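Worksheet: one structure, shown below.
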Amino acid sequence: MSKTIGIFGGGQLGRMMAQAALPLNIQCTFYEANRSCPAAALGKVFSSADPELIPFTQSADVFSLEFENTPLADVELLMEHKTIYPPAEALAIAQNRLLEKNLFRVLDIPVAPFLPVDSVDNLRVAVDNLGLPVVLKTATGGYDGKGQFIIRHAEQIEEAWAQLGPAKSLIAESFVNFSREVSIIAVRGQDGDIKIWPLAENHHHEGILSHSIVPAPQSDDLQPVAEEYIARLLTHLDYVGVLTLELFVTADGLYANEMAPRVHNSGHWSIEGAVCSQFENHIRAVAGLPLGSTDLIQPTVMVNVIGQHPDVAAVLALDGAHLHLYDKSEREGRKLGHITLMPKNPAMLTTLCQQLAEILPEPLALTKETQIHI
Ligand code: AMP
């Protein structure tokens, strides 16, 4: 029986969801401002610029999202007649760092000490209480490190406030001295079944994800802890679909940074590297189907293609390289695609990463010296 899933957003995440849905004979529709978005090749796009919300809500049996800043008002309107997964509550919490950090606390998931800030005076109090350095972030609307300011000296308080204060609702966090950043991605089905992928170790360059290594090296002790944290979130939120939790690795263990109520860039490796990808399992969950195994097939490195397209033939000449392009035009800092490296012999990952660093116009954190020790 054919089913249609309506997706808020039509970027590369929606595109890859629809690619995973196709073999299951599940169609997707999209609600997105740009009609020639990456997902357009895979299903009908309803314009959020016109807007075509009502016809979009009539276009599918069940709904989901690929964009965490999907307006809550749109979701609430949809919910008058239709079901959306993940639940609106999870979306509302993920849209606000204060609600998110409060939930982590309630669920005993460690977070850096934080305080809400809504004036320059209570920013001063927060800095006094937390101690420097402090990371000041807008409570809503930030992504990829945008909307944040690291206050290292008390003299920077005014400047930080001048930059972010207009956002009105801010969060001041203690600076976490982390050794690395990891993410755990999990999926929960409509019957409450939970499946969790191995931890990814994530490397960023100027706030943008450069590459992810899976499994995260030396993560045997971290994996069960991260699984426990994400399972708590999924169960508490009565969540359905894929959820991502970004974590800092510190000398005292894992600290949660933020969650994304959706498939995630650090899970793109799972298309080739896991028995069932994050995209397919998300579609399965939303459609009410049994979940697939999240087991790793082989260690992988996922590398983002940023800003400029690579020489496709050179990438594909690498043994074990899989290229995914999102049909986007070139622009500085823009995610245009990704490459999954999955050689038969995992010992080759270092060589392949170094070769890829030479091929990619903007290799971000990947260099000729990159070493992968899995
Ligand atoms: P976010 O927008 O919260 O994902 O933060 C973007 C990046 O800023 C993270 O990936 C970290 O590298 C860094 N960062 C965020 N919060 C903190 C913190 N409290 N302490 C240290 N680094 C942080």
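The values are calculated or read from the model by the stated rules, or taken from the named source; none is laboratory data. Bear in mind that the values here come from a model prediction, so they are computed numbers and not experimental data. Cβ placement follows ideal geometry from the backbone for every residue including glycine, while neighbour counts extend to all protein chains displayed.
When the range 59-82 is examined, which residues are found to be without any contact (Cβ under 8 Å) to a residue 24 or more places away in the chain, farther than 23 Å from residue 279 by Cα and not in a helix (DSSP H, G or I)? Residue satisfying the conditions is 80 alone.
Residue-wise test of (1) more than 24 Å from residue 216 (Cβ to Cβ); (2) among the hydrophobic types (A, V, I, L, M, F, W, C); (3) assigned by TED's automatic domain parsing to the domain that holds residue 12; (4) under 16 Å from the mean Cα position of the chain (by Cα).
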site	(1), (2), (3), (4)
302	no, yes, no, yes
318	no, yes, no, no
324	no, no, no, no
332	yes, no, no, no
342	no, yes, no, no
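Taking interchain pairs and intrachain pairs at least six residues apart, which have beta carbon atoms under 6 angstrom, with the first residue in the range 167-186 and under 30 Å from residue 213 (Cα atoms) and the second among the charged types (D, E, K, R) and more than 11 Å from the ligand (Cβ to nearest atom)? Qualifying pairs under 6 Å: 180/201; 182/201. Among the residues of the range 149-169, those that are away from the ligand (no atom under 15 Å from the Cβ) and charged (D, E, K, R) comprise 155, 158, 159, 168. The number of residues in the range 246-275 that are over 26 Å from residue 293 (Cβ atoms) and outside any strand (DSSP E or B) comes to 2. Yes or no: the range 7-29 includes at least one residue that is without any contact (Cβ under 8 Å) to a residue 24 or more places away in the chain, within 27 Å of residue 291 (Cβ to Cβ) and not in a loop (DSSP other than H, G, I, E, B). Taking every residue of the range 7-29 in turn, at least one turns out to be without any contact (Cβ under 8 Å) to a residue 24 or more places away in the chain, within 27 Å of residue 291 (Cβ to Cβ) and not in a loop (DSSP other than H, G, I, E, B). Of the residues making up the range 139-172, those that are outside any loop (DSSP other than H, G, I, E, B) and surrounded by fewer than 18 Cβ atoms within 10 Å (Cβ to Cβ) are 150, 154, 155, 158, 159, 162, 163, 165, 166, 167. Residues considered: 136, 130, 199, 209. Of these, the only one that is buried (at least 19 other Cβ atoms within 10 Å of the Cβ), under 19 Å from the mean Cα position of the chain (by Cα) and within 12 Å of the ligand (Cβ to nearest atom) is 209.
Listed conditions (1) under 18 Å from residue 302 (Cβ atoms); (2) within 15 Å of the ligand (Cβ to nearest atom); (3) assigned to a strand (DSSP E or B); (4) in contact with a Lys or Arg (Cβ under 9 Å, 6 or more places away or on another chain) are all met by residue 186, apart from (2).
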